[in-house]
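Structure first, commentary second.
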Amino acid sequence: MTTTKRSLTALLAALALSGVVFAQTTLSLWYHGAGNEVERAIIVQIIDDFNAAQDDWRVTLEEFPQLAYNPSVVSAALAGNLPDILDVDGPVMPNWAWANYMQPLSLSDGVLDGFLPSVIGEWQGEVYSVGLWDAAIAIYARRSVLEANDIRIPSLDAPWTFEEFDAILETLDATGEFDYAFDVGMAWTGEWYPYAFSPFLQSFGGDLIDRSTFLTAEGVLNGPEAVAFGNWWQSLFTRGLTPGTSQDDADRETGFLDGRYALQWNGNWAAIPALEAFGDDLLFLPAPDFGHGPKIGGASWQFGVSATTQHPEGANAFIEFALQDEYLAAFSDGIGLVPSTVSAAAMTQNYGEGGPLEVFYELSNQQSLIRPPTPAYVGIALTFEKALADIANGADVQDALDAAVDEIERDIANNDGYGF
Amino acid sequence: MSGRMVGARNERYRVAWRYALLIAVALVFVFPVVFMVVSSLKPDLQLLRDTGSLRAFLPVGDISLDNYVAAFKRAPIGRFVYNSVLVTGLTVMFGLFLNSLAGFAFAKLRWRGRAIVLSVVIATLIVPFETIAVPLLMMVNALPWLGPDGLTFGWLNSYRVQIVPFIADALSIFLFVQFFKDLPDEIIEAARIDGASWWQVYLRVIVPLSGPVFATAAILKFLAMYNMYLWPLMVAQGETYRPVMVGLQYFFQLNVAWGEVMAYLSLITIPVLVFYLLLQRAFIESIAASGVKG
Amino acid sequence: MHRIPVKPVPELVRQAAASGLGPGRRGEEAAGLAMAAPAVILLVAFLITPFALAFVMAFTNQRLVSPNPTAFVGTRNFTQLLTVRPFMMAPLTDPESGATLRDDTGAPVYPVLRDITRRNPDYPQFDGLRELASWQLGERRLYLLASDVVFMRALRNTMLFVLVVAPTQATLALMLALMINQRLRGVNIFRTIYFMPVVISIVVVSLLWRFIYSPGGLLNSMLTGLTFGAFTPVDWLGNPNTALGAIMAMSIWQAVGFHMVIWLSGLQTIPGVLYEAASVEGASALQKFRHVTWPGLRNTAVLILVVITMQAFALFAQIDVMTRGGPRDATQSIVFQAVQRGFERQDIAGGSAISVVLFLLVLSVSLLQRYVTRERAR
């Protein structure tokens, strides 16, 4: 009797379980964070919570190492093999949206209210992706060094001006205490160049492309403002203020910490080791104003829905679920990134009121300018990287920028305007 | 008598001089490995600070196995090594067989079209893999396969997609051709007169005489396969089939974990070294057999 | 199917005479085909076919990532790659007097080159071209304009790389192989050590050498130490004059063990009796090398020459990791350009066009090599 009853219960339980399994439709999610345990723990937590919170969908995770992610997605697209949900680096999103890898999101109204503008990925008037965080860049400095040299400590409201900043670099160089006054990180080739350096150009009044048409860069990337930027950029290297393209990763990572570089242009992800080294002496300073307002780059990794998914409603449901403040805060605490909302920032250890990295949230909020939202960006980024490296190595500024403009326009022409 | 002693002393000097030279040259070649292994024992910051001086090659400072522990936590290293060794091992095995067979056919057999086919084969050496990767991806994505699930299409996410396209390669074939050419025709003809089939000639005459070539072809192919990056990246979209070089990228985060990178590299170098040392026997034996002196 | 009997009798006779042993060669034709077939079929399927597809792609506008339909564009990709035109520029003249315009120092004033090459209806042939080189000829200026200046530099650098690296590497590898092929206790250890750089992937080795070559890196601090401070540190990879040389040196060092192993297996096929005979005749070490070793290595030498040349032409990973083609294009290479264009810039057709050019280039070089080695054999 009891045996029968027990086995009946077991049978019912099994049915119920299998019922759940069968009722849930599997959605695949591709994520770029393989190798980062903390990130994995958080994303797995979100997925588990989501799978438990409703009965319709079951998300499964496939992780890729960051450097292998984009080629993997492109290969998968070529093979007709894309997942249901994928994450995408902000500036690359328009390229994938244009190529029909992704479809516009359909989130509930008001979900994105209060999000930093730079974490919302828009292309042709539609939102395709949204980020749980952003990254921000600041000038790393030491209070003691600035005070010893009578240098004003700038604020968000009163950043260093161009002349002021340039004079500061000369002052720091003249002390003879440092190998270099200002490290910008030339060792980090690739996306770092457009991400970290195009805001200088934009603050000078130039840009990577004419954002009114997205068809030409003439006059924007090689006009007088851009040339002024280029000349200053080149002078950083000719005056020996900044380590050049041959800088190695070791110097990039240890130069500021060891006191060989006076100032460093670096992202918020490097903040923790620097705080450990200098504690209260460490300052995160806003970008200088080169004439058109201080600027930093915006947009980091974001979630989107693939164009080929059979279940867009499930994919959207997952993304909406992941946008909760507690997850934004968890990512921020876990990997040090800027949370996408004020309410989430308040929940974090570092970005809340009085937190050591609080300034980064406001940097993102006030200064960040997204890289040009165009499918051409992928090519523009490489062209800009080369132009800046060439100028740093002594190329004629006007020639290098002209060549970059020609290259970008040729690429746009070869692609029939990239949909513009 | 004194002359003989002088000769012996000269001989000793000569040997000492040879060793000095061997060691001097060795120093030039050994340092990346020393750097790699020594660095794998240091914490990141110290590792990076040491790169500018000879300390890079000395296990000094804060030495521990922490990086290894952390590396194993970060990535399924065992899985990657297993995948790579499996894929590489099978490719090398099938490759040695088919390429040496073809090499024999090109070097020692006369058949119509031989010269032109060989020229085409060698010409394929020129084609850098990067240039055919995309068309190849499209092809393998459409290929059929008869497996336990019946007839399926598309080879992505499998071992076979990492093995089958690379079994035949022009370098190996060329290597075998050039070495088989040096084998005297007389031994082949003698075997033929004894009634051996061409297959038996290959198996009983050619293969036993070609230890060093097989060893050379094996190690070169092993290295090429083991270090593959672009192709597995494109075709293995799950962790299940990921090989070691793709696994290396697990360590290149925003803040590169250099110590773990070095630990991982030291670990994944072990299978290659083991394979090379195993093959050394083939070299040693053949040297002993031919009795070559310097 | 076997049609030997149908062959004309004289050819059969000639064949039999050539082999010297007619019956021993029975079934050779079929066996040869059967034995070569598996490997050749695999090569055709997985290498030649995709390359043929890439070849076709080079004449299209195929993109890696794009919603646009693929279309044939003729030779556009090749024109954008290979166009080179000379242009003689005269100084500006006063429209009324016809006299040459001069600036304050009396130097002639020239038009801006970009005004001529950018959508100028008077000079359609120069549209989109850039300066590759220029020379001053009296008051005129001779420009060499190219549609893809970077590719032209990649072409030059790659040729230079091949010319320096191939022979140096082959020679050093042979010297190492000879050293290692001695009968000395413990020689196996050295054989393993010399092979070390090959065992470690080129990507990793390149990362390591970036540290070594850096301005504050090991090479500079060693050279400074050895010269008691007389040596001024050089920015090896940051200086356009030293960057390619630095990469060449590293490349030779890295791959020399690879070719050492091939030479070694060649050395081992030389019968020991030959050396013994030479010793009996009292030959010196040098004579033994010239008359026994070198002739015995002929086939190996051909192999190494071909392989080393092709590997040198494929220069890529070092560039990608160490310099990304810089400083100022001093280390651009053909394959780096092909990969950058095909994958990073998503212009797979343009990348394919580069590989087709590379293929034809290497093919002609190897045909030339063949011609030269054949001459010597006579």
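A short reminder: the numbers here are calculations on the coordinates, not readings from a lab. Small disclaimer: the values here were computed from a predicted structure and weren't measured. Positions of Cβ are generated from backbone atoms using ideal geometry, with glycine treated the same way; all protein chains shown enter the neighbour counts.
For A:219-232, what's the mean count of beta carbons from other chains sitting within 10 Å of each residue's beta carbon? Spell out each step's value before the answer.
Working: counts 0, 0, 0, 1, 0, 0, 0, 0, 0, 0, 0, 0, 0, 0.
Taking all residues of A:219-232 together, the mean is 0.
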Which residues qualify? For A:Gly298, with a placed amide H closer than 5 Å and at least 5 residues away or on another chain, they are A:Leu369, A:Ile370, A:Arg371
Where in the range B:244-267 is the amide nitrogen less than 14 Å from a point lying 7 Å along the Cα-to-Cβ axis of B:Val69?
none
Ranked from highest to lowest mean number of other Cβ atoms within 10 Å per residue, what is the order of the peptides B:97-109, B:23-35?
B:97-109, B:23-35
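Looking at chain A, do any whole DSSP H helices span at least 30 angstrom along their long axis by alpha carbon and average 0.0 or above on Kyte-Doolittle, and which? Let's see the in-between values first.
Numbers: long enough: A:2-23 (31 Å, 1.18).
Sorted by number, the helices that extend far enough and score high enough are A:2-23.
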For the range A:255-264, in order, what is each residue's ³J(HN,Hα) by Karplus, 6.51 cos²θ - 1.76 cosθ + 1.60 with θ = phi - 60°, in whole Hz (x at glycine and Pro)?
x, 6, 4, 8, x, 8, 10, 6, 10, 9
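Whole number please: convex hull volume per residue of the Cα set in chain C, in Å³? Walk me through the intermediate numbers first.
On the way: hull volume 113.2 nm³, N = 378.
So the per-residue Cα hull volume is 299 Å³.
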Per-residue counts of other Cβ atoms within 10 Å, averaged by peptide: what ranking do you get for C:337-350, B:204-217, highest first?
C:337-350, B:204-217
Cα principal axis extents for the range A:239-321, largest first, Å
57, 34, 30
How large is ³J(HN,Hα), in whole Hz, for each residue of the range C:242-252 in order, when computed from phi with the Karplus curve 6.51 cos²θ - 1.76 cosθ + 1.60 and θ = phi - 60°, using x for Gly and Pro?
10, 4, 5, x, 5, 5, 4, 4, 5, 5, 4
Other chains' Cβ within 10 Å of B:28-37 residues: what's the mean?
6
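Using the beta-carbon distance between C:Arg370 and B:Glu189 and R0 = 25 Å, what value does 1/(1 + (r/R0)^6) give for FRET efficiency, to the nearest 0.05? Numbers along the way, then the final one.
Values: r = 29 Å, r/R0 = 1.14.
That pair, C:Arg370 with B:Glu189, gives E of 0.30.
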Report the label-to-label distance for A:Thr238 and C:Gln287 in nanometres (one decimal), using points 7 Å from each Cα along the Cα→Cβ vector.
6.6
C-alpha center-to-center spacing [the range B:176-229, the range A:89-133] in angstrom
60
Could you give the nm distance between label points at C:Asn188 and A:Glu362, where each point is 7 Å from its Cα heading toward the beta carbon?
7.0
B:Ala8 to B:Ser53: FRET efficiency via 1/(1 + (r/R0)^6), r the Cβ-Cβ distance, R0 30 Å, to the nearest 0.05?
0.10
Extending each Cα 7 Å along its Cβ direction at C:Ala90 and C:Ser279, get the distance between those two points in nm, one decimal.
8.0
Sorted by Cβ neighbour density within 10 Å, fewest at the top, the residues B:Arg242, B:Arg74:
B:Arg74, B:Arg242
When you count, for each residue, the other Cβ atoms within 10 Å and take the mean per peptide, how do A:271-282, C:296-307, C:314-325 rank with the highest first?
C:314-325, C:296-307, A:271-282
Which residues does the label zone of B:Tyr82 cover in the range B:227-269, counting backbone N under 11 Å from a point 7 Å along Cα→Cβ?
B:240-241
In the range C:65-141, what GluC sites (Glu not before Pro) fall in a loop by DSSP, with at most 13 other Cβ atoms inside 10 Å?
C:Glu96, C:Glu139
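Tell me, what is a quarter of the convex hull surface for the C-alpha atoms of chain A, in nm² with one decimal?
Quarter of the Cα hull surface area: 23.5 nm².
What does the extension gain come out to for A:Val342 and A:Asp48, with contour length at 0.36 nm per residue minus their alpha carbon separation? Don't jump to the answer; show the numbers that get you there.
Details: separation 294, 0.36 × 294 = 105.84 nm, distance 2.55 nm.
Using 0.36 nm per residue and subtracting the Cα-Cα distance, I get 103.3 nm.
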Provide the per-residue ³J(HN,Hα) series for the range C:127-138, in order, calculated from phi with Karplus coefficients 6.51, -1.76, 1.60 and θ = phi - 60°, each as a whole number of Hz, with x at glycine and proline positions.
4, x, 7, 9, 6, 9, 7, 8, 10, 8, 10, x
Run a plain Debye calculation on the range B:68-148 (Cα atoms as equal point scatterers, no solvent) and give log10 I(q)/I(0) at q = 0.26 Å⁻¹, rounded to two decimals, same order as the q list.
-1.16
Backbone N within the range B:155-177 under 20 Å of label point (7 Å from A:Thr308 Cα along the Cβ vector):
B:155-162
Under a 5 Å amide H to amide H cut-off, with H placed in plane at 1.01 Å, what residues pair with C:Thr60 once short-range neighbours are removed?
C:Val73
For the range B:1-152, Rg(Cα) over 2.2 N^0.38 Å is 1.80
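In whole Å and largest first, what semi-axes does the C-alpha gyration tensor of the protein assembly as shown yield when each eigenvalue is scaled by 5 and square-rooted? It would help to have the intermediate numbers written out before the result.
Numbers: eigenvalues 534, 292, 218 Å².
Computed over the protein assembly as shown, the values are 52, 38, 33 Å.
First measure r as the distance between the Cβ atoms of B:Trp199 and C:Val203, then evaluate 1/(1 + (r/R0)^6) with R0 = 51 Å and state the FRET efficiency to the nearest 0.05. Working shown, then result.
Values: r = 42 Å, r/R0 = 0.81.
In this case the efficiency is close to 0.75.
I'd like the mean, over residues of A:72-85, of how many other protein chain beta carbons sit within 10 Å of each residue's own Cβ.
5
What does the convex hull of the Cα atoms come to per residue for the range B:75-251, in Å³?
150
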Determine, for B:Val81, C:Val335, C:Val112, the number of other Cβ atoms within 10 Å of each Cβ, and report the residues in order from fewest to most.
C:Val112, B:Val81, C:Val335
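Provide A:Leu382, A:Leu337, C:Leu363 in ascending order of the number of other Cβ atoms located within 10 Å of each residue's Cβ, fewest first. Spell out each step's value before the answer.
Details: A:Leu382 23, A:Leu337 29, C:Leu363 13.
Arranged by neighbour count, lowest to highest, A:Leu382, A:Leu337, C:Leu363 become C:Leu363, A:Leu382, A:Leu337.
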Any chance you could count the Lys pairs in the protein assembly as shown whose alpha carbons are under 25 Å apart, treating pairs 8 or more apart or on different chains as valid?
9
